[in-house]
Amino acid sequence: MDALPRQNSLLESVYEAVRDSICDGDLKPGERITQEAIAEKLDVSRQPVNQALILLRAQGFIQDAGRRGVMVTPLDANSVQKIYEIRSALDQLAARLAAERGDKAGIAEGYKLIEKVRAGDDTASTGDLVRADMSFHELVYRLSGNDLIQSSLTPYWHHLRRVMAAVIDIGFESTRIWNEHEGIIAAIEAGQSELAAERAAAHVDAARLSLTESLIAQASVEAGPDAEH
């Protein structure tokens, strides 16, 4: 987190800074958060930080941690599964509709986005990769011509960002992500609606499976060998 720009309200700026640090993976699941540290980092008083943390707690980004104060809400396999079920259904629909519409300008925009990310992939941060990934999927939603797809995901959008950061952090290769994106946009360009939907589903399922398996393994280690007894 850097010192804040002042064009937004102070509360909004603090809230967005902390939320984005969580969603970009700078603040890790389970990491403790203190008002004092955030206020110092953002060069603000504790009052807007306290208000921002109340909002973030209500939205599920942070939770109480007893005497430790508050912490970034840990991810669990069950919640990840649920959010990916929603995304899989909507991503398939968006890809299918996009292939049927065949927006050439939008398809070209998709290829340019892929090329841009690949060119800077070696120096990109997790946050950079997450924002690029979400931009690609937003483009596909727009190419679908159905604005209800994007709005249906709006309540979960920043949680999706956070999950995607976790996928990257566990070692899911960005090269694979963008190869799969290219496969989706190629099917859309070819007008192959069912293939586009299948590739969209496979893309989501690969990330879901990778992260849920990692979270289950992590939970098993934390529970210890006597957890089942």
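I'd like the residue in segment 9-62 that is of a type in the set (S, T, N, Q) and in a helix (DSSP H, G or I) and, out of all such residues, is farthest from Arg131 (Cα to Cα).
Selected residue: Gln47.
Can you find even one residue in segment 118-131 that is under 15 Å from the mean Cα position of the chain (by Cα), part of a loop (DSSP other than H, G, I, E, B), closer than 19 Å to Asp26 by Cβ and among the polar types (S, T, N, Q)?
For segment 118-131, residues under 15 Å from the mean Cα position of the chain (by Cα), part of a loop (DSSP other than H, G, I, E, B), closer than 19 Å to Asp26 by Cβ and among the polar types (S, T, N, Q): present.
Go through (1) at positive phi; (2) in contact (Cβ under 8 Å) with a residue 24 or more places away in the chain; (3) over 21 Å from the mean Cα position of the chain (by Cα) and name the single condition Gly25 misses.
(3)
Hey, among the residues in segment 65-96 that are of a type in the set (A, V, I, L, M, F, W, C), assigned to a helix (DSSP H, G or I) and within 14 Å of the chain's Cα centre (by Cα), which one's surrounded by the fewest Cβ atoms within 10 Å (Cβ to Cβ)?
Taking the candidates together, the pick is Ile86.
All but one of (1) out of contact with any Ser or Thr (no Cβ under 9 Å at 6 or more places or on another chain); (2) within 27 Å of Thr34 (Cα to Cα) hold for Ile83, so report the exception by its number.
For Ile83, the failing item is (2).
Table: residues versus (1) in the same structural domain as Ala202 (by TED's automatic domain parsing); (2) polar (S, T, N, Q).
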position	(1), (2)
Leu27	no, no
Gln35	no, yes
Ile38	no, no
Asp43	no, no
Phe61	no, no
Gly66	no, no
Leu90	yes, no
Ala95	yes, no
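What is the number of the single condition among (1) assigned to a helix (DSSP H, G or I); (2) modelled with pLDDT under 95; (3) β-branched (Val, Ile, Thr) that Ile149 does not meet?
Of the numbered conditions (1) assigned to a helix (DSSP H, G or I); (2) modelled with pLDDT under 95; (3) β-branched (Val, Ile, Thr), the odd one out for Ile149 is (2).
Pick from Ala108, Ala187, Ala99: which is assigned to a helix (DSSP H, G or I) and loosely packed, with under 14 Cβ neighbours inside 10 Å?
Ala108
The values are calculated or read from the model by the stated rules, or taken from the named source; none is laboratory data. From a predicted model like this one, the values you see are computed outputs, not experimental measurements. Note that we place each Cβ from the backbone using ideal geometry, even for glycine, and neighbour counts take in every protein chain shown.
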